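The values are calculated or read from the model by the stated rules, or taken from the named source; none is laboratory data. Predicted model, so just to flag it, every value in this text is computed and none were measured. No Cβ is skipped: glycine too gets one built from the backbone with ideal geometry, and neighbour counts run over all protein chains shown. The protein model used for the area step is the full one, side chains on, heavy atoms only, and it has no ligands, DNA or RNA in it. Shrake-Rupley method; radii C 1.70, N 1.55, O 1.52, S 1.80 Å.
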Amino acid sequence: MNTRLSVILPVYNNFPYLPDAVESILHQTYSNFRFIIVNDGSTDGSAEYLCSLNDPRILLINQPNTGQGAARKTALSRCQSEYVALMDADDISMPDRFFCQLNYLDAHPEVVLVGGQIEFLIGSVAQRSLPAPIDHVEIEARLLQGRAGLCNPSLMFRTEPALACVNYPSGLLGEDIDFALCMCERGRVANLDRILLRYRIHASQTSLGKTREMIRSNRYAAYRAVFRRQGLPEPTLDTYLKSASLFDQWRFSLEAWELVQYRSGRILIATGKPVRGFLRLALLGICRPFSTIRRIAQTIASSFRGTAN
């Protein structure tokens, strides 16, 4: 299939959200793409749903469960298009997402990767997220701190530089930042100043242990990038963990707790439990006032602007 765009969707036990994610791709205003779906060993009915799809743009690949990063790598190896868009199986792309990103990349040849603003989707309620940075310098600065400067399922990028980065994912939860930092070394990156994606938040994302691992992995990805840019051998995870001080370990746990409280508070507010939700955010504000004040203000504002999906 000769197209300018391939769309990658890894799937692992994503019911009941998967159909909405797939339909949001199939009904894009820009429709000339190849849709590569990797069923990564699902056991919850996702495989049966995917097999029922009848669209000539879809290429379905079934494989044993090896993780989201490996599934993306499998899909990327099948891409022969100029551009690739990422998607997660529990999110929803806005109808004009591909049209906007393709036009931007065509108009900015120096840009190798572009994302966009997102809304949080909690049940059927959409809430605006904090604004993502637009400029390459600020995005890269955040990434080098191990912070999210880009929303991975909102990304579209040029295939050629991405193939040079395909081996960079660490196999940890920080593989998204690993990939983005590698792409920063091959050109400029950007975020569009418009909402391109509804990013779903649900209770399974509020595990303290998993969140702590994600934050630690993000820091490790940034640590590796610093060494790589200095032409030095990239340190192993064990080396990084041995170099982390007790303060660093405490900070990982504190930031994980902060993120879990923030997401849990937003879930409670969106699901009709505003008192419990705002109490949780208030506790977060007391413990982490400077890093939380913008989040609380945004949550209050967005709770009044929430719209049904």
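Size of the dipole of the chain about the Cα centre, Lys and Arg at +1 and Asp and Glu at -1 on the beta carbon, nothing else charged, in debye to 20?
880 debye
Share of segment 99-208's accessible area from carbon and sulfur, percent, 1.4 Å?
Carbon and sulfur together cover 53 percent of it.
Among 64, 267, 279, flag the residue with its Cα farthest along the positive direction of the charge dipole of the chain, charges on Cβ as +1 for Lys/Arg and -1 for Asp/Glu.
Value: 279.
Would you mind telling me which residue in 277, 285, 231 has the biggest mean-square fluctuation in a Gaussian network model of the chain, where springs connect alpha carbons within a distance under 10 angstrom?
Of 277, 285, 231, the Gaussian network model singles out 231 as fluctuating most.
Ordered by residue, what ³J(HN,Hα) values in Hz, to whole numbers, does segment 40-48 give under the Karplus form 6.51 cos²θ - 1.76 cosθ + 1.60, where θ = phi - 60° and Gly and Pro are x?
Values, residue by residue: 8, x, 5, 10, 10, x, 4, 4, 5 Hz.
Across segment 243-248, in residue order, what do the Karplus-derived ³J(HN,Hα) couplings come to in whole Hz, using 6.51 cos²θ - 1.76 cosθ + 1.60 with θ = phi - 60° and x for Gly and Pro?
Per residue, the Karplus-derived 3J(HN,Hα) values read 7, 6, 7, 4, 5, 4 Hz.
What does the convex hull of the Cα atoms come to per residue for segment 1-137, in Å³?
So the per-residue hull volume is 124 Å³.
List the cysteines in the chain whose Cβ has no other cysteine Cβ under 4.7 Å from it.
Within the chain, the cysteines lacking a partner Cβ under 4.7 Å are 51, 79, 100, 151, 184, 287.
Is there a quick way to get the dipole size of segment 159-266? I mean about its Cα centre, with the Cβ of Lys and Arg at +1 and of Asp and Glu at -1; what is the value in debye to the nearest 20?
300 debye
As a test of reading the structure, rank 33, 278 by solvent-accessible area (1.4 Å probe, protein chains only), most first. Before the final figure, lay out each step's value.
On the way: 33 0, 278 70 Å².
Accessible-area ranking of 33, 278, largest first: 278, 33.
Which ³J(HN,Hα) values in Hz, rounded to whole numbers, follow from the phi angles of segment 23-38 under the Karplus curve 6.51 cos²θ - 1.76 cosθ + 1.60, where θ = phi - 60° and Gly and Pro get x?
Running phi through 6.51 cos²θ - 1.76 cosθ + 1.60 with θ = phi - 60° gives 5, 5, 7, 5, 10, 5, 5, 8, 10, 8, 9, 9, 9, 9, 10, 10 Hz.
About the Cα centre, and with charges only on the beta carbon of Lys, Arg (+1) and Asp, Glu (-1), how big is the dipole of segment 13-80? Nearest 20 debye, please.
400 debye
Report the residue, chosen from 48, 82, 258, that carries the largest GNM mean-square fluctuation when the chain is represented by alpha-carbon nodes joined by springs under 10 Å.
For the chain, modelled as a Gaussian network with Cα springs under 10 Å, the answer is 48.
Given the chain, what percent of its DSSP beta bridges are antiparallel, to the nearest 5?
30 percent
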